[in-house]
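Trainee: Could you have a look at this structure, given as structure tokens, before my questions?
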Amino acid sequence: MEFYEGAVALVADVDEEEVPAGVPFSPRQVFIVLEDQVVMTHPLWTDELVCVFGLIYALHLSYPEKCSGFFEFIQVVLLKLDDGRKHLKPKLQTLKNELV
């Protein structure tokens with residue numbers, strides 16, 4: 001497999017006929033890719049997302065630039081792993097305020 005540049009990626013193997021509106025809710029497998037190498041696979045997005053957070057933390061990696069807002073939102077708002085020190089970007093703070 002060859003992947004686009006980036007340190008971290010989640011890649012889904014899907015059956016195109018079973019993907020409603022282009023959203024892969026039920027992939028066959030989800031792969032974690034670190035620096036062009038598949039390091040883990042699971043059948044569920046949720047398992048892979050938890051593993052990605054663990055790998056990013058354990059390996060001292062930065063969040064992917066294009067997905068940094070997504071990862072910061074999950075870290076600060078959903079997982080409450082900010083210790084009150086991290087300030088969210090305005091768009092993320094607005095989303096947090098609307099959810100709370």
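Taken together, the values in this text are just the output of simple stated rules run on the coordinates, not laboratory data. Every value quoted in this text rests on a predicted model; they were computed, and no experiment measured them. When we count neighbours, we look across all protein chains shown, and the Cβ atoms used for this are built from the backbone with ideal geometry, even at glycine.
Trainee: Please check: in the Gaussian network model of the chain (C-alpha springs, under 10 Å), which one of Glu17, Glu72, Glu48 has the largest mean-square fluctuation.
Mentor: Glu17
Trainee: Turning to a different aspect of this structure: Quick one: 3J(HN,Hα) in Hz for segment 39-52, Karplus 6.51/-1.76/1.60 with θ = phi - 60°, rounded, Gly and Pro as x.
Mentor: Result, rounded to whole Hz: 10, 8, 9, 8, x, 10, 4, 4, 4, 5, 5, 4, 5, 4.
Trainee: Lysine pairs, Cα distance under 17 Å, 8 or more residues apart or cross-chain: how many in the chain?
Mentor: Counting lysine pairs in the chain gives 5.
Trainee: Let me ask another. For the chain, with a Gaussian network of springs between Cα atoms less than 10 Å apart, report the residue from Val76, Val33, Val23 with the top mean-square fluctuation.
Mentor: Looking only at Val76, Val33, Val23, the biggest GNM fluctuation is shown by Val23.
Trainee: Based on the Cβ-Cβ distance of Arg28 and Val50, what FRET efficiency does E = 1/(1 + (r/R0)^6) give at R0 = 25 Å, to the nearest 0.05?
Mentor: Once the sixth-power term is evaluated, E becomes 0.85.
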